[in-house]
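Trainee: Structure below; questions to follow.
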Amino acid sequence: MVEIVKACVDDINDFMKVRLEMLRIVNSMKDEEDFSPQLISASREYFLNGNHTTVFAKDDKKIIGCASVSYITIMPTYDHPSGKRAHLMNVYTNKNYRRQGIAKSMLKLLIDETVKKGCSEITLDATEEGFPLYLALGFKENKEGMVMNVKDYKI
């Protein structure tokens, strides 16, 4: 039976294993390709010290999925008077366990956590495969705004 549990700092090695597995798939990386030391170090640091909630889906003791939500606070606005927002990421279920409601269960727990923390908005970057799930949970497509990669900044 699959259970959904909140991760804690003692789960750092499990977190790193499943996160890198997910990143490898999402970025179409070959097994022999290495991740940058910066990505590995920053991921470990964030898991240990970041403002987030991470959950695992476990089949017995085997981790077969994960999802995280990071909390941010910005200057309050009319629509977001607390300034508390969340960003959902790292939603992943092992291919042998997909289409069983596992990701949905993980997301419901994380959405409940954001409500408890007083967040007024949850954002995410959806893959094509995950898009229907997010719609089913009430997320709406957002085509607002712009983004700049600071390495491309020109004076």
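Trainee: Below 8 Å between Cα atoms, with a sequence gap of 6+, how large is the relative contact order for the chain in percent?
Mentor: 20 percent
Trainee: With a point put 7 Å past each Cα toward its Cβ, work out how far Asn142 is from Val115 in nm, to one decimal.
Mentor: The two pseudo-label positions are separated by 1.9 nm.
Trainee: Follow-up. Give the calculated FRET efficiency between Gln100 and Met75 to the nearest 0.05, with a Förster radius of 35 Å applied to their Cβ-Cβ distance.
Mentor: 0.30
Trainee: Sequence gap at least 6, Cα distance under 8 Å: using those rules, report the relative contact order of region 5-80 to the nearest whole percent.
Mentor: Numbers: 59 pairs, mean separation 27.1, N = 76.
It comes to 36 percent, rounded to a whole number.
Trainee: If you count only protein heavy atoms and use a 1.4 Å probe, how large is the accessible surface of Asp14, to the nearest 10 Å²?
Mentor: Counting only protein heavy atoms, the figure is 70 Å².
Trainee: Reachable aspartates and glutamates from Lys143, Cα under 13 Å, same-chain residues fewer than 8 places away excluded?
Mentor: Once the sequence-local aspartates and glutamates are set aside, what remains near Lys143 is Asp125.
Trainee: Right, here's the next one. Under a 10 Å cutoff between Cα atoms, tell me which one of Ser82, Ser105, Ser68 has the largest fluctuation in the Gaussian network model of the chain.
Mentor: Ser82
Trainee: If you look for lysine pairs in region 1-141 that are eight or more places apart or on different chains, how many of them have Cα atoms under 13 Å apart?
Mentor: The number of close lysine pairs in region 1-141 is 6.
The values are calculated or read from the model by the stated rules, or taken from the named source; none is laboratory data. Computed from a predicted model, the values in this text were never measured in an experiment. Neighbour counts run over all protein chains shown; Cβ positions are idealised from the backbone, glycine included. Quick note on the areas: whole protein, heavy atoms, side chains included, nothing else; ligands and nucleic acids left out. Shrake-Rupley method; radii C 1.70, N 1.55, O 1.52, S 1.80 Å.
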